[in-house]
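The values are calculated or read from the model by the stated rules, or taken from the named source; none is laboratory data. The structure presented is a predicted model; accordingly, all values stated were derived computationally and were not measured. Cβ coordinates were reconstructed from backbone atoms using ideal geometry, including for glycine residues, and neighbour counts include every protein chain displayed.
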Ligand SMILES: [Zn+2]
Ligand SMILES: [Zn+2]
Ligand SMILES: [Zn+2]
């Protein structure tokens, strides 16, 4: 049987990402109030989605992006690339790679930099 269903989904007002509950569950709903009930129910908070003051629904990525734009990124400490010269960036005097990585703990944006000679001396 082929049947046409009319369903409601929850999407981010900004980037149109589809909301899915943390626990496996329905993502198609019969009407808006059912969708909203599922969204507001407990597990959604773990996914980072937010209902904004203006009533818009934003996904975790958009929420994080806005927080970073407001307050700046929350970068993790720099980490040395562990390739020991294999990634092609070149080897530092201590034998390690000359590239360092870090990412923002909130929006997950990656950042990388080349070690300067003084930085190499500091970490070695
Ligand atoms: Zn979004
Ligand atoms: Zn960030
Ligand atoms: Zn490397």
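Just to be sure I understand, how many residues within the range 88-124 are assigned to a helix (DSSP H, G or I) and either in contact with a strand residue (DSSP E or B) (Cβ under 6 Å, 6 or more places away or on another chain) or at pLDDT 85 or above (or both)?
0
Would you say residue 84 is without any contact (Cβ under 8 Å) to a residue 60 or more places away in the chain, in a loop (DSSP other than H, G, I, E, B) and more than 16 Å from ligand 1 (Cβ to nearest atom)?
On the way: without any contact (Cβ under 8 Å) to a residue 60 or more places away in the chain: yes; in a loop (DSSP other than H, G, I, E, B): yes; more than 16 Å from ligand 1 (Cβ to nearest atom): yes.
Taking the combined requirement at face value, the residue satisfies it.
Can you tell me which residue among 99, 63 is within 16 Å of ligand 1 (Cβ to nearest atom) and surrounded by 12 or more Cβ atoms within 10 Å (Cβ to Cβ)?
Testing whether each residue is within 16 Å of ligand 1 (Cβ to nearest atom) and surrounded by 12 or more Cβ atoms within 10 Å (Cβ to Cβ) leaves just 63.
Name every residue in the range 66-83 that is surrounded by 13 or more Cβ atoms within 10 Å (Cβ to Cβ) and either under 22 Å from residue 50 (Cβ atoms) or within 16 Å of ligand 3 (Cβ to nearest atom) (or both), in order of residue number.
Across the range 66-83, the qualifying residues are 66, 67, 68, 73, 74, 78, 80, 81, 83.
Please tell me if residue 85 is on the phi > 0 side of the Ramachandran plot and out of contact with any strand residue (DSSP E or B) (no Cβ under 6 Å at 6 or more places or on another chain).
no
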